[in-house]
Amino acid sequence: MAIKQIGKSLKARENQLSNTFYQLQVLNGKEATESKFPSFTEKVKAIGLFPLKPSGIEIFQLNIGKLCNQTCAHCHVDAGPDRKEENMGKKELEQCLEIIAAVPSIHTVDITGGAPEMNPHFRWFVQECRKLNKKVIDRCNLTIIVANPKFNDLPQFLAEHKVEVVSSLPAISKLRTDSQRGDGVFEDSIKALQMLNEVGYGKDDSGLILNLVHNPQGAYLPGGQAELEAEFKRQLKRKFNIVFNNLFAITNLPISRFLEYLLASGNYESYMEKLLEAYNPSTVKSLMCRNTISVSWDGYLYDCDFNQMLDLKVATKSSNHISNFDIEQLNKRDIILNQHCYGCTAGAGSSCGGEIS
Amino acid sequence: MSNSTNYFNPEDLKKFGNITAFQEAMGKKFFDWYGEVFKEGALTAREKSLIALAVAHTVQCPYCIDAYSTDCLAKGADEEQMMEAVHVAAAIKGGATLVYGVQMMNHVKDQSM
């Protein structure tokens, strides 16, 4: 069934939060709120890890476009069907391939969006990465598989190239899933998961990895990942005969459309308090920004996908784009920190691979 | 001195830990025990949170209802499960009232021809 969109992107609505400078002002207590929370940078200084340095680039994460068939209420990318202009072209993808081939420490290519499969070069790019013998992750929103007949064979394509699939399914509840992602998303997601299972994804010994992402559907932090995984496995098997490998519990960071929700619902300050109360210094050493480089659709480099969405480019000005990529400089860079980083250090920590401690 | 004119202030929940200020040893023991109770054991942490939510309704503790509504969601429970837990609590409360009906009936029989 067709998904009923929750709304339009911040950009299409000309919402002031589509301005990243404004978002940073809110986070730093200069706009929309009178509260100023302790500086994240000071917290990192207090444990002797400032400036935070990379441990070496292992994961090359590309956000190949903001175009998506969904307009989720919490999307940190501000993606949606109306974001048709920001999609990576073939020239930039070729430049990325040159980097991936030239840097042996990069073992994983992590492709995200938007719905990355909507980029016309997606399949070609996946094939080229696999020829380089790199692990490829597709961050798939699931519903794209059933959104249009031209995407119906995605499970076969992904299986054929042994792509690891990481898919969002916030809850095993139609009400809770659709309230975050749009009416009809839950049913389409279940259909897509069954199609992925049919070609072997999530099944023992198939070698085809299907991981799910759970994130809270409101102003609270995720519970323990192991227990959530057990519950998701039990319920998905019982209700829909669906199997998967691992569940990643990911904290919502207070940026973009989730920040809009927090401000509009009056939950911003209490959410920041929750993140601060749950601050866990032992997570800092394992933050994903230490082993990842994030690339935007137009080729700029960032410490992570969240910094990308706040337009906080890497600190190395002479190596801040795929056209001037210098692994030695990047491995020595100072990672850019700001108040949203509290989202990755709360509780057991949070990354694109779920808990980190 | 507290300026509050309300008996229930959601902000007070954040100060729960302060009860140790007046009796440290007992407070500390309580919180240690409380933490142990809610760890995963024979029951999962999610099941314990749903039980806590149900009990919160029977003892009509607004602090506990706020806290365990959030905790249930965080642990992956959904609205249907949470409302079923509240119905379990309500059924026991209703049943506990109604079962006294037997006592009432016994007394009526004793007092009647």
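Any read-out appearing in this document is the output of simple, stated calculations on the displayed coordinates, not a laboratory observation. It should be emphasised that the depicted structure is a prediction, and the values quoted were computed from it without experimental measurement. Note: ideal-geometry Cβ built from the backbone for every residue, glycine included; neighbour counts use all protein chains shown.
Taking the Cα centre of the range A:213-357 as origin, work out the dipole magnitude from +1 charges on Lys and Arg Cβ and -1 charges on Asp and Glu Cβ, in debye rounded to 20.
460 debye
Between A:Gln25, A:Gln127, A:Gln70, where does the largest GNM mean-square fluctuation fall for chain A, given springs only between Cα atoms within less than 10 Å?
A:Gln25
7 Å from Cα along Cα→Cβ at both B:Asn18 and A:Asp153: what's the point-to-point distance in nm?
6.6 nm
Once you list every other residue whose beta carbon is under 12 Å from the beta carbon of A:Lys91, what net charge do they have if Lys and Arg are +1 and Asp and Glu are -1?
Neighbour charge sum, excluding A:Lys91 itself: -3.
Testing the spin-label approximation: label points 7 Å from Cα along Cα→Cβ at B:Thr44 and A:Val243. State their distance in nm.
Calculated label separation equals 1.9 nm.
Set Lys and Arg Cβ to +1 and Asp and Glu Cβ to -1, take the dipole of the range B:19-110 about its Cα centre, and tell me which of B:Phe30, B:Val55, B:Ala90 lies farthest positive.
Most positive-ward Cα: B:Phe30.
When the dipole is taken about the Cα centre of chain A, and only Lys, Arg (+1) and Asp, Glu (-1) are charged at their Cβ, what size is it in debye, to the nearest 20?
200 debye
Among B:Leu13, B:Met105, B:Ala45, pick out the residue whose Cα is farthest towards the positive end of the charge dipole of chain B, where Lys and Arg carry +1 and Asp and Glu carry -1 on C-beta, about the Cα centre.
Value: B:Met105.
Which whole number gives the average, over all residues in A:222-231, of C-beta atoms from other chains lying within 10 Å of the residue C-beta?
Per residue, the number of nearby Cβ atoms from other chains is 5 on average.
So which of A:Lys191/A:Lys274; A:Lys274/B:Lys75; A:Lys203/A:Lys233; A:Lys91/A:Lys332; A:Lys43/A:Lys313 end up more than 24 Å apart, counting from Cα to Cα?
Check vs 24 Å cut-off fails for A:Lys191/A:Lys274; A:Lys91/A:Lys332.
With a ≥ b ≥ c taken as the square roots of the eigenvalues of the C-alpha gyration tensor of chain A, please select rounded if a/c is under 1.5 and otherwise prolate if a/b is larger than b/c or oblate if it is not?
Taking the square roots of the gyration eigenvalues as a ≥ b ≥ c, chain A is rounded.
Once both axes come from the Cα atoms, what is the angle between helix B:62-74 and the longest principal axis of chain B, in degrees from 0 to 90, rounded to 10?
So the helix axis and the longest Cα principal axis differ by about 70 degrees.
222 nm [θ] for chain A, helices only, -39500 (n - 2.57) per DSSP H run of 4+, per residue, to 500?
Result for chain A, helices only: -9000 deg cm²/dmol.
What do you get for the angle between helix B:79-98 and the principal long axis of chain B? Use alpha-carbon atoms, 0 to 90 degrees, nearest ten.
In chain B, helix B:79-98 runs at an angle near 40 degrees to the longest axis.
When the dipole is taken about the Cα centre of chain B, and only Lys, Arg (+1) and Asp, Glu (-1) are charged at their Cβ, what size is it in debye, to the nearest 20?
That gives chain B a dipole magnitude of about 300 debye.
Between A:Glu273 and B:Val102, what's the calculated FRET efficiency when r is the beta-carbon distance and R0 is 41 Å? Round to 0.05.
Efficiency, rounded to the nearest 0.05: 0.25.
Mind checking the mean number of beta-carbon atoms from other chains within 10 Å of the Cβ atoms in B:61-70?
For peptide B:61-70, the averaged partner shielding equals 1.
Can you give the angle from 0 to 90° between the axis of helix B:45-58 and the longest principal axis of chain B, with both taken from C-alpha atoms, to the nearest 10?
Result, in degrees: 60.
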